[in-house]
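> Dumping the structure here so I can ask a few things about it.
No lab work stands behind these numbers, since they all come straight from the coordinates. Bear in mind that the values here come from a model prediction, so they are computed numbers and not experimental data. Note that each Cβ is placed from the backbone with ideal geometry, even for glycine, and that neighbours are counted across all protein chains shown.
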Amino acid sequence: MSEVSFTPRVFSGIQPSGRLTLGNYLGAMKRFVEMQDEGRETIYCMVDLHAITVWQDPADLRRATRELCAGYLAAGLNPEKSILFNQSQVPEHTQLAWIFNCVARMGWMQRMTQWKDKAGKNQQNASLGLFAYPALMAADILLYHATHIPVGEDQKQHVELTRDIAIKFNNDFGQEFFPIPEPVIEGAATRVMSLRDGSKKMSKSDPSDMSRINLTDDADTIAKKIRKAKTDPEPLPSEAKGLEERAEARNLVNIYAALSEQSVDQVMADVGGKAFSEFKPMLADLAVDRLAPISQEMARLMGDVSEIDRILGRGAERAREIASPILQKTYDIVGMVGAKG
């Protein structure tokens, strides 16, 4: 197969399945905004089809989808620079996903650690959608011939599966049609941990609201949660190496580094030797300074969702302009009669 050059294009998405957290912001949205101005096309999605792999209350799903869009906008995504849309408005996602269901192998899906974690010992009662989730994620990415995928560490395996599906499709049909996308995993806080347990990821599904900072939290709540965050009695070390066996301390330092746009080493040079009674107020002030404007703008946008719905509708139209020809060409390659590719 001859080598094909693909337009550099970024795609990523977040599930609208609960309140947005600091982990969503530092692990994804902040990086989305930075990539918007790096010279590549950027497409960011509210992956509501993924959300329903487990049951969702319809009213909650609608609210969460709009709130996620509000979070994208409040964090700095510009709908004139980036395409913002919710997945279910672009039917090509599910159409390509079926093709990939027929390309992917059962063994590949069974190896997915998120399938094992989410289905647990009750796999027979899990939805087929939860099992096939990675094929839909591959379709999300490859439907736009995306080349760069900003993700957290927990999604890296799914991007690797996407690469496997693209390679197998290209080999099966003897042409280099789909790009082999690259995961983009970087930054001091690509994986933000719980404020109550540094060994667990910060999660919107954790029963304790004190385990996370929500992007809708006001300044007093943010400061309170950081003051009460779990730590240890030792002062902060002067070098990053000293954090290796101190999960809670490492988490708070990583958050500070990401919010202040410094490396962990730079932060340690500044705060090494300080007690948490000194460091926590510094972190609280920084978090309030960075997050309070986002929370305020989200509240404004959610006060009149017509602007959000307009942005999502226009984003879906722009997304389909890219997606539809790629899907039609895929159908043509596979041999579907009537394909216009």
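> For the chain, what is the percent of antiparallel DSSP beta bridges, rounded to the nearest 5?
Within the chain, antiparallel bridges account for around 10 percent of the total.
> Show that you can apply the helix-only estimate: for the chain, add -39,500 (n - 2.57) for every DSSP H stretch of four or more residues, divide by all residues, and state [θ] at 222 nm to the nearest 500.
Calculated mean residue ellipticity at 222 nm is -16000 deg cm²/dmol.
> Please compute the Kirkwood hydrodynamic radius over the range 209-300, one decimal place, Å, based on all pairs of different Cα atoms.
Taking the inverse mean of 1/r over all distinct Cα pairs, the range 209-300 comes out at 13.5 Å.
> Something else: Just from the alpha-carbon atoms, what are the Rg and Dmax of the chain in angstroms?
For the chain, the Cα-based Rg and Dmax read 21.0, 70 Å.
> What's the angle, to the nearest 10 degrees (0 to 90), between helix 156-173's Cα axis and the longest principal axis of the chain?
Roughly 10 degrees, rounded to the nearest 10.
> Okay, moving on. Between the helical axis of 92-101 and the dominant principal axis of the chain, each derived from Cα atoms, what acute angle in degrees is found, rounded to the nearest 10?
Value to nearest ten degrees: 80.
> List, in order, the whole-Hz ³J(HN,Hα) value for each residue of the range 299-306 obtained from phi through the Karplus relation with A = 6.51, B = -1.76, C = 1.60 and θ = phi - 60°; use x for Gly and Pro.
Result, ordered by residue: 4, 4, 5, 6, x, 8, 6, 4 Hz.
> Tell me, what HN-Hα J-couplings in whole Hz come from the Karplus equation 6.51 cos²θ - 1.76 cosθ + 1.60 at θ = phi - 60° for each residue of the range 58-65, using x for Gly and Pro?
x, 5, 5, 5, 4, 4, 5, 5
> Let me ask something else. Relative to the first principal axis of the alpha-carbon coordinates of the chain, what is the inclination of helix 247-260, with its axis defined by its Cα atoms, in degrees from 0 to 90 and to the nearest 10?
With rounding to tens, the tilt is 80 degrees.
> In the range 116-208, which GluC sites (Glu not before Pro) are in a loop and have at most 11 other Cβ atoms within 10 Å, using DSSP for the loop call?
Sparse-neighbourhood loop GluC sites (Glu not before Pro): Glu186.
> Only counting other Cβ atoms within 10 Å, I'd like Thr7, Thr21 sorted with the fewest neighbours first.
Thr7, Thr21
> Taking the Cβ of each residue in Met282, Met336 as the centre, tally the other Cβ atoms inside 10 Å and list the residues starting with the fewest.
Listed from fewest to most nearby Cβ atoms, that is Met336, Met282.
> Using Cβ counts within 10 Å as a stand-in for footprinting exposure, how do Ile43, Ile185 rank, fewest first?
Ordered from fewest to most neighbouring Cβ atoms within 10 Å, Ile43, Ile185 come out as Ile185, Ile43.
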